[in-house]
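Right, one structure below, let's go through it.
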Amino acid sequence: MYKKAEYIPELKAMKTYPKDVFYAGNPDLLNSTKISIVGTRKPCQYSRNMTHLLASSLSKHDICVVSGGAMGIDAVAHMGAGSKHTIAVLPCGMDHKYPAVNKKMLLDIQNKGLLLSQFKHAFKAASWSFVVRNELVVALGDVLVVAEAELGSGSMRSIEFALNMGKEIYVFPHRIGESSATNSLLQDAKAKVIYDIDLFVSQFSSAEISEIPIADEFIIYCKTVPSYDDALKKFPLRTFESELSGEIEVKNGKVFLR
């Protein structure tokens, strides 16, 4: 199930080219235009909404979203892109799905998108392996988007990697006192602001927007007013995505279309 990837040109930007990179899923995504998205594990609703909108727009233009599979911004980015248009990089061996709360999402990405890891079978995530994972996430993307981050947070390492690699960094506009790391980048003229998602995406898109309907089966299923737990089991990514975007609402444990 897990294979060793061939040479990946983007990883030349790393301080040391990885000895091994293992994968499961669709390696053709490595040939796509790729945008890396990172940020806090506890984002505000504004950052969640903007990240989801950005990732969704990128995927509709056949641009692959790269992130680290973690809670918070990572998960929102993966879900916004949809499993077929995303690459998740693990801080552990491929046989582990970390964090456990995102196991269903990661398995879906493994089956439909692409899962990557520098770590051998049975390796469990350690504090240093998250840093290694972050460098790979940054290296894969044409640019880095930092959705929300505070000074001193783990996202600062990703920012450092991007600066050392000469990658352009983009951020969302935040109010004073919020997302101190991204505001600091702007103050130091080390990042650009995404004021318009469509305009940002157009810089990297060479194709017309895909008009393929997404998950009609899900809409039909929701008309039966299923339980939230059943919806999660049957359509894990789509349920999370639709709840976040407001397409569905959950009342008394039941799913309703808006």
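The values are calculated or read from the model by the stated rules, or taken from the named source; none is laboratory data. Being a predicted model, the structure only gives us computed values, none of them experimental. Note: ideal-geometry Cβ built from the backbone for every residue, glycine included; neighbour counts use all protein chains shown.
Pairs are defined by a Cβ separation below 7 Å, a sequence spacing of at least 6 or placement on different chains, a first member in region 97-123 that is closer than 15 Å to Leu30 by Cβ, and a second member that is surrounded by fewer than 15 Cβ atoms within 10 Å (Cβ to Cβ); the pairs so defined are Gln118/Asp20.
Here is a yes/no grid of residues against (1) in contact with a Gly (Cβ under 7 Å, 6 or more places away or on another chain); (2) part of a loop (DSSP other than H, G, I, E, B):
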position	(1), (2)
Leu115	yes, no
Phe119	yes, yes
Phe123	yes, yes
Glu135	no, no
Leu144	no, no
Leu151	no, yes
Arg157	no, no
Glu160	no, no
Asn164	no, no
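Within region 128-146, restricting attention to residues that are within 13 Å of Val65 (Cα to Cα) and of a type in the set (Gly, Ala, Ser), which residue is surrounded by the most Cβ atoms within 10 Å (Cβ to Cβ)? Per the stated criteria, the residue is Ala139. Being within 17 Å of the chain's Cα centre (by Cα), charged (D, E, K, R) and under 30 Å from Leu107 (Cβ atoms) is a condition met by no residue of region 215-230. With a requirement of 3 or more residues that are in the same structural domain as Ser57 (by TED's automatic domain parsing), surrounded by 12 or more Cβ atoms within 10 Å (Cβ to Cβ) and at pLDDT 95 or above, the helices (runs of 4 or more DSSP H) lying completely within region 166-255 that satisfy it span 180-187.
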